[in-house]
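For reference, the structure is listed below as structure tokens.
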Amino acid sequence: MHNAQRYSQAFIPTQKEVPTEAQIPSHQLLVRGGMVRQLAAGVFSYYPLGWRTAQKVMNIIREEMNAIGGMEFHLPALNPIEIWEATNRVEAMGDVMFHIKNRPGLVLAPTHEEIITHHATQHIQSYKDLPQIWYQIQTKFRNEARPRSGILRGRQFLMKDSYSMDTTWEGLDESYDKHAQAYRNIFTRCGLKFFVVGASSGAMGGSKSQEFMVESEFGEDTCAITDAPDGGYAYAANIEAATSLVEKVGRVESNPPIERFATPTAKTIDELVQQHQLIEHRCAKSVVYICDDKPILALMRGNDELNEAKLQSAVKAAQLRPATDDEILRIFGAHCGSLGPVNAPKDLLVIADTLLENANGLVSGANQDGVHFKNIDLQRDASIAFYADLRTVQAGEQAPDGSGPLRMVKAIEIGHIFKLGTKYSVALNANFLDKDGKQQPIIMGSYGIGVERIIACFVEQHHDEKGIQWSATIAPYHVQIVLLGANKSELIRATGEELFAQLSRTYHVLLDDRDTTAGVKFNDADLLGMPVQLVLGEKNLSVGNVEVKHRITGERSIVALTDLNALLQSLLGN
RNA sequence: CGGAGUGUAGCUCAGCCCGGCUAGAGCACUACGUUCGGGACGUAGGGGCCGGAGGUUCGAAUCCUCUCACUCCGACCA
């Protein structure tokens, strides 16, 4: 990478106006700083400054991947469709996969599990060939229905993905853990504040998976987190998995027999509570879902919200959806305001949230319009197939590890690690001979990082009203030298040249030698956001001093030229 | 893919309802001069198929139809 750049010869098209298509700060600043430019929806050109940062991020990734034994590949974006058909993913991807119109046998690769596995099939023969970690940092193509948020969600994007291949499940665990640590190193070196959550593996197949997340109001996932005293995160979980410490409803001492009562105008829990002076937590709400074509009644505490993902894993359903009003009427003979676990249809699966475990003294619908039961004892009066955690946690509840009240935040996924298992190796016959001469499928893992998301998330986390505040690790340049009145002062010109030459031996330096006013240069410097600005002006320089501005803290100090190197070292950590 | 909105100069926008001289402003750009430590000022300039196609009309940036693109909300999201 070129270490020394004169601004007067560079292509850095900055602009004052915020582009209308850019809606979020990172997108706005990257465009205003002349780093990226949108070409079409979800498609971006990287201009030289933006590309430098992208390359620095990719180099950090590369170093950390190499450190865990990764081998870098360069794989084709054009893929034969047959390979994707072998794993059924043409169908699974559906519209997300780009197909080539005038060459129907080819598709654009949305990821590379198939291609990697294909090459493994060709070359991996023996357990002696394993383990391997293969990775690539390349452009992927996904026909997103709605690209948005600048480079956060595009139709073509830079992604690092790696694939581990092991002979044993223990080996997979090791490869997975290596990646988990490498990812922490990568995001930390890039200067991101992030957290890790467990995740469902979704359509990828496989078992364990974790997502690396960055808190952002522009995120597409919701997570429950608690803050740690050190400024990091203590507890973190996707809302689909998050739990909290909430007291169970439990049992009350007096346990009279079940009793019907009329509730003609109570259709909701709130109305029920209000009209009949009940305790909300002792009302049991019935929610009906159709899970793989079978109806299921899920019993929730009061106004607790059911989480579909939790329900799905509790009943191990491939598909599920809320039952329609018609279906409910047909199944229960009552409308949805009056459903309950007592006298439920015979073959109906009834499950309940763990907060209701063995509770009594409950109120719930009687499966007859306008009628509820009170004094329900779930042990005595209902037949609950099993209890499971089904409820969505609420902000303010205590985290399960006791680390404080939960905050609900939006988050952006910047990395994802999976234990894939043998899905792809089996489908594509990627086998090896073990020590006993037996053929076994390779045990795989798959690990992705969104390169551009790192950049966008970094800018989201590190900017002010003037511009970006790069960390030294991924800044396009470390130092921006601002020459003031160089056309009038030989001293400034000469000193500038000298510093430029000298500093670029150690740092990446941008020399603002343009013939323009100080204000323009200062504002561009703040917008571009190099961590250190060196301001060379007549007054300071005439007594052997320069001004050093630390972009991140905004701190300025006047130092003697002779002390400059020491200060730069402390600011840039080099 | 459903709903909403926007397309006029490199960028941000006005003009459109209510059709009418050569289509405007600010920023940016060019030249000259004055400025020169926080987006300076003056003077003079260059730059437009008013997203595209069709229609209505004596006349369309403006009205109608179709189409394309982009943005937002939703659905979707390894």
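Read-outs: derived from the displayed coordinates by stated rules, not from any lab. Only a predicted model underlies this, so the values are computations on that prediction, with no experimental measurement involved. A quick note on method: Cβ atoms are made from the backbone with ideal geometry, for glycine too, and the neighbour counts reach across all protein chains shown.
Miscellaneous remarks
- Segment A:259-388: relative contact order in percent, alpha carbon pairs under 8 Å with at least 6 residues between: 29 percent
- C-alpha center-to-center spacing [segment A:320-365, segment A:250-284] in angstrom: 15 Å
- Per residue, the convex hull spanned by the Cα atoms of segment A:479-572 measures out at 85 cubic angstrom.
- Restricting segment A:132-228 to trypsin sites (Lys or Arg not before Pro) that sit in a DSSP loop and have at most 16 other Cβ atoms within 10 Å of their own Cβ leaves A:K193, A:K208.
- Counting other Cβ atoms within 10 Å as a rough exposure proxy, the listed residues A:H99, A:H281, A:H74 run A:H74, A:H99, A:H281 from fewest neighbours to most.
- For A:Q319 and A:K488, the difference between the fully extended length at 0.36 nm per residue and the C-alpha to C-alpha distance is 53.4 nm.
- 10 Å binning of all Cα-Cα separations within segment A:259-388, expressed as whole percents from 0 upward: 14, 49, 33, 5, 0
- Multiplying each eigenvalue of the alpha-carbon gyration tensor of segment A:1-95 by 5 and taking the square root yields semi-axes of 33, 23, 12 Å, largest first, rounded to whole angstroms.
- The convex hull around the C-alpha trace of chain A, projected and averaged over every direction, spans 34.1 square nanometres.
- Here chain A is assigned +1 on the Cβ of each Lys and Arg and -1 on the Cβ of each Asp and Glu. Its dipole about the Cα centre then comes out at about 1040 debye.
- Whole-Å semi-axes of segment A:435-482's equivalent ellipsoid (Cα gyration tensor): 45, 13, 6
- Separation between Cα centres of segment A:552-567 and segment A:468-490, rounded to whole Å: 13 Å
- Placing pseudo-labels 7 Å out from each Cα toward the beta carbon at A:I279 and A:T553 gives an inter-label distance of 5.5 nm.
- Semi-axis lengths, Å, segment A:389-540, gyration tensor of Cα atoms, sqrt of 5 times eigenvalues: 52, 27, 12
- Relative contact order (%) - criterion: Cα under 8 Å, at least six apart; region: segment A:479-572: 29 percent
- For segment A:102-223, with +1 on Lys and Arg beta carbons and -1 on Asp and Glu, the positive-most of A:P131, A:V214, A:V107 along the dipole: A:V107
- Solvent-free Debye scattering, log10 I(q)/I(0), computed from the Cα coordinates of segment A:290-361 at q = 0.15, 0.18, 0.26 Å⁻¹: -0.51, -0.75, -1.48
- Order of A:M71, A:M300 under a 10 Å beta carbon neighbour criterion, fewest first: A:M71, A:M300
- Fewest-first ranking of A:T422, A:T517, using other Cβ atoms within 10 Å as the exposure measure: A:T517, A:T422
- Packing, taken as the mean count of other beta carbons within 10 Å per residue, orders the peptides A:10-22, A:358-370, A:335-347, A:47-59 from highest to lowest as A:358-370, A:47-59, A:335-347, A:10-22.
- Structural descriptor for chain A: relative contact order 17 percent, calculated from alpha carbon pairs under 8 angstrom and at least 6 residues apart.
- Computed FRET value (nearest 0.05) for A:A10 with A:Q394, which takes r as the C-beta separation and R₀ as 45 Å: 0.30
- Basic side chains Lys and Arg get +1 at the Cβ, acidic Asp and Glu get -1 at the Cβ, and with that the dipole of segment A:259-388 about its Cα centre reaches some 220 debye.
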